[in-house]
Amino acid sequence: LPVARLMSFASPASEPVEWQGSLSTETRVKGNVDQGFSLEGKTGYSKLGAKRRALQSPQVDGEVHLKADYKPQSGALQLQQAELRMPASTLSVTGSIVGLSGDSALDLHIEAPRLAFDDLIKLAAVLGQGAPDGVQASGNGQLNLQVSGSSKKPQVAGEARLMDVAIRYPGLADKITL
């Protein structure tokens, strides 16, 4: 499914976004919206990118594996597995989110045993939160975080390690090193 066609069903964005790439999924949904449902499967994305005004993001490939239950009576989404797999990174989230609209209550564990900074910066750019195309990044890290409290004021505890991170912006002579 081309992402651009899928986004035509969404509410208009505050700024125009031209989406590129495609999605494919194999997901099983069981239950109903009124009483609750579970879903399990994977969704792949290929050459996913976005153009906002004159800024073109890089194009990324990867997949998301998801196993979750939703109970409308309590407004709780229980994540048994939410795993983002990128070329050189894996990021997984387990736990619960209660109240999916407004200020949600969070109880999440985020773990990334292998995390490539380049993967993160490219995906963030696609989602409108990162650097434009042409930025190069290297380095790696690991995450083991617990996120709790409200979505408006989350509390984060745990450990994050980044090693040998270097970022090079087009037009800058020197790279930024952490």
- Matching residues, region 80-139, being over 19 Å from Leu172 (Cβ atoms) and among the hydroxyl-bearing types (Ser, Thr, Tyr): Ser89, Thr90, Ser92, Thr94, Ser96, Ser101, Ser104
- Working only within region 114-147, note down all residues that are part of a strand (DSSP E or B) and over 30 Å from Lys71 (Cα atoms). Arg114, Leu115, Ala116, Gln136, Ala137, Ser138, Gly139, Asn140, Gly141, Gln142
- Quick check: anything in region 120-130 surrounded by 14 or more Cβ atoms within 10 Å (Cβ to Cβ) and touching a helix residue (DSSP H, G or I) at 6+ places or on another chain (Cβ under 9 Å)? yes
- If you take the residues of region 93-119 that are open to solvent by 30 Å² or more (accessible area, probe 1.4 Å) and small (Gly, Ala, Ser), which of them is farthest from Gly49 (Cα to Cα)? Ala105
- Query: Going by the structure shown, is Glu18 assigned to a strand (DSSP E or B), acidic (Asp, Glu) and over 15 Å from Leu127 (Cα atoms)?
  - Reply: no
- Which one of these is surrounded by 17 or more Cβ atoms within 10 Å (Cβ to Cβ), of a type in the set (Gly, Ala, Ser), in a strand (DSSP E or B) and modelled with pLDDT under 95: Gly49, Gly62? Gly49
- Any idea how many residues of region 95-115 are closer than 30 Å to Asp164 by Cα and either under 14 Å from the mean Cα position of the chain (by Cα) or among the hydrophobic types (A, V, I, L, M, F, W, C) (or both)? 5
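Mind counting the residues in region 65-74 that are at pLDDT 90 or above and open to solvent by less than 90 Å² (accessible area, probe 1.4 Å)?
Step one: list which residues in region 65-74 are at pLDDT 90 or above, which gives 65-71.
This time we only want the ones that are open to solvent by less than 90 Å² (accessible area, probe 1.4 Å), so: 65-70.
Result for region 65-74: 6.
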- Item | Among (1) at pLDDT below 90; (2) farther than 21 Å from Tyr45 by Cα - the single one Val126 does not satisfy | (2)
- Query: under 28 Å from Asp164 (Cβ atoms) and either among the basic types (Lys, Arg) or touching a residue at least 60 places away in the same chain (Cβ under 8 Å) (or both), is that true of Leu143?
  - Reply: no
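Which residues, taken from region 23-36, are touching a Lys or Arg at 6+ places or on another chain (Cβ under 8 Å) and open to solvent by 60 Å² or more (accessible area, probe 1.4 Å)? Let's see the steps before the verdict.
We begin by selecting, within region 23-36, every residue touching a Lys or Arg at 6+ places or on another chain (Cβ under 8 Å); these are 25-27, 36.
Of everything in region 23-36, those that are touching a Lys or Arg at 6+ places or on another chain (Cβ under 8 Å) and open to solvent by 60 Å² or more (accessible area, probe 1.4 Å) turn out to be Thr25, Glu26, Thr27.
The values are calculated or read from the model by the stated rules, or taken from the named source; none is laboratory data. Owing to the predicted nature of the structure, the values given are computational and were not obtained by experimental measurement. As a convention, Cβ positions derive from the backbone with ideal geometry for all residues, glycine included, and neighbour counts pool all protein chains shown. Surface accessibility is based on the protein's heavy atoms, side chains included, excluding ligands, DNA and RNA. Shrake-Rupley method; radii C 1.70, N 1.55, O 1.52, S 1.80 Å.
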